[in-house]
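Notes for the one structure printed next.
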Amino acid sequence: MAPRYRMIYFNLRARAEPTRLLFAAAGLQYEDVRIRRDTEWPALKPNTPMGQVPVLEVDGVTICQSNAIARYVAKETGLAGKTNLEQAQVDMLVDGMGDLRGKQAAIRKASEDKKDQCKEELAAFAPNFLRRYEELSGPHAGHLVGDSLTWADLEFYDVMTKVLMYLPGIIDNLPKLAKVMDTVPANKGVADWLAKRPETPH
Amino acid sequence: MPSYKLTYFNGRGTAEIVRLVFAAAGTEYEDVRLEQDQWPELKPNTPMGQLPILEMDGTMLCQSNSIARYIAKLAGLAGKTPLDQARVDMVMDGMVDMGNKFAYEIYYEKDEDKKAEKKKDYVEKYVPQFFSSLNKLASDGGYFAGDELTLADIAFYNMVTMVNPYLEQPLSLDGFPNLEKVVDNVTSNPGIAKWLKERPETPY
């Protein structure tokens, strides 16, 4: 029987990866469709809600916007936060991480002559940002919110993996955040996914 | 019921979506508006050094859309089913994209010629295309999710009215009847109608 969920994106991690990590962590089956930007995307684009991917198709409905998709899958998998308040805390941490993700992605997108400036901007932004996140991190080591894995941990892991490429020691003195980087790949579903996911440029 | 305290500057800005949700929900809250010189002292005591923040029962939340979603959920305005909630979220995120595009490509553009060109593109190409997509997502009753007012409808109204003052004329909803209905549904909600009449006039 075909899986109930079908996610369509390019053959990249990028904006789809947190949702893939959610599916993996929960062991929830889904169809991981990867389309070619040149040959397949032009025909699909007008048939998407806002002319963008990723999209998630479920029960005849198509959802777009990567965070909306991730939050939906997080709720389906029990990884969105256990109470309304925890869910709001997960949401706010993920929203904030968008800034870090953006600064890191800017390096990749920049022309060669601008890359160093973008790296400096990330290096200037990250320390304060991460210090605040260390303070916001809840009392249970290895989890940003509550006492078990949430979308916030997976999102953090995904973004930090990229940030650490440019700023390798940046969370060495932030023990709660460093523990999240251990807790996430210790989840069996995540570990299996990390081992088998396609190699992609980003 | 907890006491809610929303803190922002004296403007609509990114706090207004929260104020509109409080209004639609009929939930009491303290609407704190800081002077610029009060901000430096508060800033290090906020979760991410930004406003708005919502304080309740000793907890602080930040990020305007996360706050809005939290209050909307408590009031049943965030979508009745998980898929409806996803629809609400995707429209909210789409409206943020529309606002960010305006801010980064037009509002912050210093070159006057580039600014004019981007504005023309925004009004003549980007918005009509985006509104066309949104019109398909809204029902002919004027709701983005289900058949009742949700945060998505409020987000649409809020972002359009946020951008309009910066344009030569308000963005047109001609040819987008579902979106016109969305605006009607939002502005005729009793709580929102009252707030729109009473809210302070501010430059932004």
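The values are calculated or read from the model by the stated rules, or taken from the named source; none is laboratory data. Note that this is a predicted model, so its numbers are computed, not measured. A quick note on method: Cβ atoms are made from the backbone with ideal geometry, for glycine too, and the neighbour counts reach across all protein chains shown. To get the accessible areas, we keep the full protein, side chains included, count just its heavy atoms, and leave off ligands, DNA and RNA. Shrake-Rupley method; radii C 1.70, N 1.55, O 1.52, S 1.80 Å.
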Of the heavy-atom accessible surface of chain B (probe 1.4 angstrom), what whole percent is carbon and sulfur?
-> 48 percent
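Please compute the net charge surrounding B:MET56, taking Lys and Arg as +1 and Asp and Glu as -1 over other residues with Cβ under 13 Å from its Cβ.
Details: positive: B:LYS5; negative: B:GLU28, B:GLU30, B:GLU55, B:ASP57.
Taking every other residue near B:MET56 into account, the sum is -3.
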Quick one: what does P(r) look like for chain B with 5 Å bins over all Cα pairs, in whole %?
-> 1, 7, 15, 19, 19, 17, 12, 7, 3, 0, 0
In the range B:27-110, which chymotrypsin sites (Phe, Trp or Tyr not before Pro) are in a loop and have at most 15 other Cβ atoms within 10 Å, using DSSP for the loop call?
-> B:TYR108
Percentage of Cα-Cα pair distances in the range A:1-147 greater than 23 Å, rounded to whole percent?
-> 48 percent
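Am I reading the A/B interface right? What is its buried accessible area, both sides, 1.4 Å probe, to the nearest 100 Å²?
2500 Å²
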Multiply the residue gap between A:GLU31 and A:LEU12 by 0.36 nm, knock off their C-alpha separation, and tell me the result in nm, one decimal place.
-> 5.3 nm
Residue-normalised accessible area of the range A:1-147, given per residue in Å² at a 1.4 Å probe = 46 Å²
On the protein heavy atoms, probe 1.4 angstrom, tell me the percent of accessible surface of chain A carried by carbon and sulfur.
-> 50 percent
For the range B:1-159, what is the accessible area per residue in Å², given a 1.4 Å probe and the full set of protein chains?
-> 45 Å²
Only counting protein heavy atoms at a 1.4 Å probe, give the residues of the range A:43-79, ordered by number, whose accessible area falls by 30 Å² or more when the other protein chains are present relative to the chain alone.
-> A:PRO49, A:MET50, A:VAL61, A:ILE63, A:GLN65, A:ALA68, A:ARG71, A:TYR72, A:LYS75
Please list, or write none, the lysines whose alpha carbon is within less than 27 Å of the alpha carbon of B:LYS110, excluding same-chain residues fewer than 8 places away.
-> A:LYS103, A:LYS109, A:LYS114, A:LYS115, A:LYS119, B:LYS101, B:LYS118, B:LYS119, B:LYS120, B:LYS125
Any idea what the relative contact order of the range A:26-169 is, in percent, if you count C-alpha pairs under 8 Å spaced at least 6 apart?
-> 20 percent
Distance from the range B:1-79 to the range A:154-173 (C-alpha centre basis), Å = 30 Å
With bins of 10 Å, the percent of all Cα-Cα pairs of the range B:40-90 per bin from 0 is 24, 42, 24, 9, 1
Each label point is 7 Å from the Cα along the Cα-to-Cβ direction; what then is the distance between the points at B:LYS114 and B:LYS5, in nm?
-> 4.3 nm
Taking only DSSP H segments of four or more residues, each worth -39500 (n - 2.57), what value at 222 nm results for the protein assembly as shown once the sum is divided by all its residues, to the nearest 500 deg cm²/dmol?
-> -16500 deg cm²/dmol
Net charge, B:TYR108 excluded, C-beta distance under 12 Å - Lys, Arg +1, Asp, Glu -1 = +2
Let me see the pair-distance distribution of the range A:87-202: every alpha carbon pair, 5 Å bin width, integer percents in order.
-> 2, 11, 21, 23, 19, 14, 7, 2, 0
So what is the relative contact order of chain B, in percent, for Cα pairs below 8 Å that sit 6 or more residues apart?
-> 24 percent
Per residue, the convex hull enclosing the Cα atoms of the protein assembly as shown spans a volume in Å³ of 164 Å³
